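Below: one structure, written as structure tokens.
The values are calculated or read from the model by the stated rules, or taken from the named source; none is laboratory data. Treat the numbers as computed from the prediction; the structure is a model and nothing was measured. Because the Cβ atoms are built from the backbone with ideal geometry, glycine has one as well, and the counts that use them run over all protein chains shown.
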Amino acid sequence: MRAPVMILLLAGLFADAGLAAGKAVVVRLDAQSNSGQNGTATLYPEGDKTRVVIELSNVPAGVAQPAHIHRGSCDKLDKAPRWNLKAVADGGSVTVVPVALDAILAESTAINIHKSAIETQIYVACGNIPGKR
């Protein structure tokens, strides 16, 4: 009886570590500032890099919307971007960030989308990356 219980306990301890162990992490992006823009950001481990794929709905046509990974959470973002992402255009963006997914998950971070390059102070979508909180 002790062996199955120990296995379950160990599985629970290593569950978070398994997030980045070759598996993609999906982050839900919720609308902010009454933008109606929702979507997902999927983080794919690629060795010492991470591919970030953003898919956002209800985006304005022809507007590039800056995107970043920030320290903190959607409720309390560090104003300075930790890693820049390619701007969302026509609802999508793909960026390879020069850091391993494990390193991203080791920090408290969030993905934030801005209204436009001119209106960066207006946030239209945000999602907390699971990890250290």
Can you run down the residue pairs with Cβ atoms below 9 Å, 6 or more apart or on separate chains, where the first is in segment 57-86 and on the phi > 0 side of the Ramachandran plot and the partner is among the charged types (D, E, K, R)? 62/90; 72/78
For segment 93-110 the number of residues that are part of a strand (DSSP E or B) and either at pLDDT below 95 or farther than 13 Å from residue 51 by Cβ (or both) is 2
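Considering every residue within segment 98-115, establish whether at least one is among the β-branched types (Val, Ile, Thr), surrounded by fewer than 18 Cβ atoms within 10 Å (Cβ to Cβ) and farther than 18 Å from residue 38 by Cβ. Even if it seems obvious, please write down each step before you answer.
To start, the set of residues in segment 98-115 that are among the β-branched types (Val, Ile, Thr) comprises 99, 104, 109, 111, 113.
Among the residues that remain, those that are also surrounded by fewer than 18 Cβ atoms within 10 Å (Cβ to Cβ) are: 99.
Then drop every residue that is not farther than 18 Å from residue 38 by Cβ, which leaves 99.
Yes, there is a match, as at least one residue in segment 98-115 is among the β-branched types (Val, Ile, Thr), surrounded by fewer than 18 Cβ atoms within 10 Å (Cβ to Cβ) and farther than 18 Å from residue 38 by Cβ.
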Based on what the data block shows, is residue 54 β-branched (Val, Ile, Thr) and modelled with pLDDT under 70? no
From the residues in segment 27-64 that are outside any strand (DSSP E or B) and under 11 Å from residue 92 (Cβ atoms), which one is farthest from the chain's Cα centre (by Cα)? 59
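Test residue 85 against the stated conditions and say whether it is buried (at least 16 other Cβ atoms within 10 Å of the Cβ) and closer than 26 Å to residue 34 by Cβ. Talk me through it step by step, then tell me what you get.
Details: buried (at least 16 other Cβ atoms within 10 Å of the Cβ): yes; closer than 26 Å to residue 34 by Cβ: yes.
Criteria met by residue 85.
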Search result, residues across segment 77-107 that are among the small types (Gly, Ala, Ser) and touching a strand residue (DSSP E or B) at 6+ places or on another chain (Cβ under 6 Å): 87, 91, 92, 93
